[in-house]
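> Let me give you the structure first, and then I'll get to my questions.
The values are calculated or read from the model by the stated rules, or taken from the named source; none is laboratory data. Keep in mind that this is a model prediction, so the values were computed, not measured. Here the Cβ is made from the backbone with ideal geometry for all residues, glycine too, and neighbour counts use every protein chain on show.
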């Protein structure tokens, strides 16, 4: 399907026992999709696999289809160009002694930051940011949790990914900041036509913002994970 | 009087700039600066070709080899940096001893004025340092000190950043070691001992005066100037230099306690304190 990003035939074995068996997620482009399930059901593991981080796993199988391109889950570098994961601990994503603007400009770095390329701070900021009243020249450590989460989302978007994975983006935020983050996310999805897969336990918060599918992950009796 | 003070400052400019990269920006306990300082001098002094800029480049190369060893032990061998630096120190002190073959080695006199050489080298080093700090790599060194996990999250090679930063820092220390020996006219195996305390004192002084969290070349320059002005002042007031190490330690301690008390938005206490 041309207007969807599909994850197909995901298989993963842990200690020789099946963990994921034939997992399939089909996400309509330009929508916010959710992945829900109990703690320990494998949501974060699935996100790590999709991001191309197989550090703790071997024998991962599966394919991600972006319109005409089909990319195997073992092609880490190709996956990392198209899919980005914003971790639950979003502070890992930021250099908090630098300003919001500087953090965004760090996204110009290649895999090997050049000693010859001079830093440019003239980053083009999205229009939606004006609504959120963020002082972009303040060191990030002085911003609120919600504002820092917004920055981590913007940094992820700077890399022009086709799919953004968010692992519990509002877990450490109060309800007001959590709502602000989702409002920003929806605005940026509309502006840039992005596809997002969010892991979130707060159904009440998530429900008004979800424009795509709700994937539910459950543990079968045999220990394998099932997604519906 | 001012010329002799300036002469001393210029001798240490590359070393303090190197220490600024590794200790202040990257927040790495880079004790290998001591062996880089020694090995840069020894490697250059014993190198067969002593023509033109060759000895300076060889000194940089000597320091770089030391930096490469300690950073690779850390990033590829997964040895904690402090231990890697201590092992590197031991290794390169031994290699320096073998290269020298004796405790002291005389250097041939240069045809150029020594002060002129120091001025040119310092200007070149400061210009390179200035542009490096504004570059992607320069910012990466400061980001590493702020959040070492940043690079993994953004698919940037942290191995490259750490090895690159430490190699640059140690190269500068190697160059400084050679300048010091050039000025003395000989190399001996004890020249690197205790210079880490000099680096830390100068950087703490620089940071206390400049008061910024941004990476700037002003910090090491101000630090090294303040250090030698203070030393000169103490000597003039009759202070014996044999107590200077103890004085340096107390000075660093006092400055750090003062800074922590006056900690403001522009000055953060960090795990290395420099």
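> Among the residues in the stretch A:117-126, are any surrounded by fewer than 14 Cβ atoms within 10 Å (Cβ to Cβ), within 7 Å of chain B (Cβ to nearest Cβ) and under 25 Å from residue B:168 (Cβ atoms)?
yes
> For the stretch A:65-85, how many residues are touching a residue at least 40 places away in the same chain (Cβ under 8 Å) and in contact with a helix residue (DSSP H, G or I) (Cβ under 7 Å, 6 or more places away or on another chain)?
Of the residues in the stretch A:65-85, 5 are touching a residue at least 40 places away in the same chain (Cβ under 8 Å) and in contact with a helix residue (DSSP H, G or I) (Cβ under 7 Å, 6 or more places away or on another chain).
> Looking at (1) assigned to a helix (DSSP H, G or I); (2) buried (at least 21 other Cβ atoms within 10 Å of the Cβ); (3) away from every other protein chain (no Cβ under 14 Å), which is the only condition residue B:209 fails?
(2)
> Out of the residues in the stretch B:132-153 meeting the condition of being more than 21 Å from the chain's Cα centre (by Cα) and more than 7 Å from chain A (Cβ to nearest Cβ), tell me which one is surrounded by the most Cβ atoms within 10 Å (Cβ to Cβ).
B:151
> Tell me the residue from A:61, A:88, A:21 that is within 14 Å of another protein chain (Cβ to nearest Cβ), surrounded by fewer than 19 Cβ atoms within 10 Å (Cβ to Cβ), touching a residue at least 12 places away in the same chain (Cβ under 8 Å) and more than 29 Å from residue B:135 (Cβ to Cβ), please.
A:88
> Sticking with this one: May I ask you to say which residue of B:163, B:168 is surrounded by fewer than 21 Cβ atoms within 10 Å (Cβ to Cβ), touching a residue at least 60 places away in the same chain (Cβ under 8 Å), within 14 Å of chain A (Cβ to nearest Cβ) and assigned to a helix (DSSP H, G or I)?
Just one listed residue meets the conditions, B:163.
> Need pairs with beta-carbon distance below 6 Å; first residue over 14 Å from residue A:111 (Cβ atoms) and within the stretch B:143-160, second surrounded by fewer than 18 Cβ atoms within 10 Å (Cβ to Cβ); sequence gap 6+ or separate chains.
B:149/A:92
> Another question about this same structure. Among (1) closer than 25 Å to residue B:256 by Cβ; (2) away from every other protein chain (no Cβ under 14 Å); (3) assigned to a helix (DSSP H, G or I), there is one condition residue B:181 misses while meeting the rest; what is its number?
For residue B:181, the failing item is (1).
> Looking at (1) without any contact (Cβ under 8 Å) to a residue 24 or more places away in the chain; (2) closer than 30 Å to residue A:49 by Cβ; (3) facing another protein chain (nearest Cβ under 7 Å), which is the only condition residue A:93 fails?
(1)
> Let me ask you something else. Out of all the residues in the stretch A:150-167, is one or more more than 13 Å from chain B (Cβ to nearest Cβ), part of a helix (DSSP H, G or I) and without any contact (Cβ under 8 Å) to a residue 12 or more places away in the chain?
Within the stretch A:150-167, none of the residues are more than 13 Å from chain B (Cβ to nearest Cβ), part of a helix (DSSP H, G or I) and without any contact (Cβ under 8 Å) to a residue 12 or more places away in the chain.
> Go over the candidates B:92, B:105, B:115 one by one and state the one that is farther than 16 Å from residue B:215 by Cβ, modelled with pLDDT under 95, more than 14 Å from chain A (Cβ to nearest Cβ) and part of a helix (DSSP H, G or I).
The conditions single out B:115.
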